[in-house]
Amino acid sequence: MSLEHLDTLIAFATVMLGVSLLITTLTQMVSAFLGLRGTNLRWGLKALIENIYPDSRKHAHDIAEAVLRHPLISDSSLSIIRQKVPLLQRWQLANHVTVAEFVRILERITVQTGAGDLKTAMHNIVQHAQPQPGANAPAVPGVAEEFQFWFETAMGRTAQRFRLHMRVWTILFAVALCLALHLDSLQLYTQLSSDAELRAGLVAASSTLSAKAQQPAQTADEKVALENLAQQAREIKSSLDATRLNLIPSPYPKPWYSTYEGRRHLLGVLFTIALLSLGAPFWYNVLKSLSSLKPLLANKPDNSGGATS
């Protein structure tokens, strides 16, 4: 493999990583806007209550939401607002809760709740969650081992459900971007092979995009997270624009689907969708591996046997 071929592969992986980062940012924005972490956690707690304590099934949703909206648990600065606005309620939900926090907060809420079926349901759950007298010392103080086991099982299912939602949004954005931008990976590779200036620009930008791929996930409340993610998307696009890569076709096809009459172009776009569906972590690792080969290839002695002047 020559340096030119390696640079072409690095440039191609850089484009895939850049677009994948845009898709990841869009997916995170959807997650923050819809409060997917909190709603999935609420689903997990609701499933735990419904399956372990069937008598509390009718109040499972209210109990789970009351715990996750509690100001001592919720990550959101909006948790103190009690108006029932659907989107606002999503933003008020906590993104994480431990088994000890769940039991302690539920115990506190139970005391503050007026007499009725809801209070009775909460009280029963608290009683079941606490270790019985004479039982062995639990791993988590004040929490029964059986309850801890089922809580951790429910949280495992919750994490799987959240990852599935994020995967679906990743694929949807990959399809939307590739179709809208006419992003043909076959045509892109051909262009990178023949355009040395564009190839060099993308190779130079690879380190910048790799650094952005390593940035930690946002942990601020949802409103701040949306603002940070929007800024991150603009920075990623600026990094790609600086390389002279035109993500938006110019002139743009009219109508937008006109160029899809050619089978090769359609195949290239579908192939790009499949590549981008692999996700930003995959392309980050590919780019990292390819970049590590460049110094080795550059220092490889020339054994062609050609005469030197």
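Relative to the present Cα-Cα distance, how much length would full extension add between Glu197 and Val168 at 0.36 nm per residue of separation? Let's see the in-between values first.
On the way: separation 29, 0.36 × 29 = 10.44 nm, distance 3.62 nm.
That pair, Glu197 and Val168, stretches by 6.8 nm at full extension.
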Take Asn124 and Lys237, extend 7 Å from each Cα along the Cα→Cβ direction, and tell me the distance between the two endpoints in nm. 5.3
Mind checking the alpha-carbon convex hull of the stretch 23-66 and giving the volume per residue in Å³? 59
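For Val111 and Leu266 in one chain, what is 0.36 nm times their gap in residues minus the Cα-Cα distance, to one decimal in nm?
On the way: separation 155, 0.36 × 155 = 55.80 nm, distance 6.23 nm.
Extending this stretch completely gives an extra 49.6 nm.
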Measure nothing fancy, just the Cα-based angle from helix 145-181's long axis to the longest principal axis of the chain, in degrees from 0 to 90, nearest 10. 30
222 nm mean residue ellipticity, helices alone, for the chain (DSSP H n ≥ 4; -39,500 (n - 2.57); rounded to 500): -23000 deg cm²/dmol
What is the chain's relative contact order, in percent, from Cα pairs under 8 angstrom and six or more apart in sequence? 32
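Determine one quarter of the surface area of the Cα convex hull of the stretch 36-158, which equals its mean projected area, and express it in nm² to one decimal.
Numbers: hull surface 30.0 nm².
Taking the Cα atoms of the stretch 36-158, their convex hull projects to 7.5 nm² on average.
For Leu293 and Asn51, compute 0.36 nm times the residue count separating them, minus their Cα-Cα distance, and round to one decimal in nm.
Numbers: separation 242, 0.36 × 242 = 87.12 nm, distance 5.30 nm.
Net length gain for the segment: 81.8 nm.
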Report the label-to-label distance for Phe33 and Glu4 in nanometres (one decimal), using points 7 Å from each Cα along the Cα→Cβ vector. 4.5
GNM flexibility winner over the chain from Val111, Val175, Val126 (Cα, springs under 10 Å): Val111
Relative to the chain, whose Cα atoms define the longest principal axis, helix 185-194 and its Cα axis are tilted in degrees, nearest 10, by 40
What does the highest-first list of 30-36, 158-164 look like by mean Cβ count within 10 Å? 30-36, 158-164
Taking Cα atoms only, helix 222-241 is inclined relative to the longest principal axis of the chain by an angle, in degrees rounded to 10, of 10
Among the lysines in the chain, how many pairs, 8 or more places apart or on different chains, have alpha carbons under 28 Å apart? 17
Obtain the nm distance between the two label points defined at Glu152 and Thr98 by a simple spin-label model: each point lies 7 Å from its Cα along the Cα-to-C-beta direction. 1.4
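How would you rank Leu172, Leu9, Leu17, going from fewest to most other Cβ atoms within 10 Å of each one's own Cβ? Please list the in-between numbers first.
Working: Leu172 14, Leu9 17, Leu17 29.
Listing Leu172, Leu9, Leu17 from fewest to most nearby Cβ atoms yields Leu172, Leu9, Leu17.
Every read-out reported here was derived from the displayed coordinates using simple, explicitly stated rules and does not represent laboratory data. Predicted model, so just to flag it, every value in this text is computed and none were measured. Don't worry about glycine lacking a Cβ; one is built from the backbone with ideal geometry, like all the others, and counts go over all protein chains shown.
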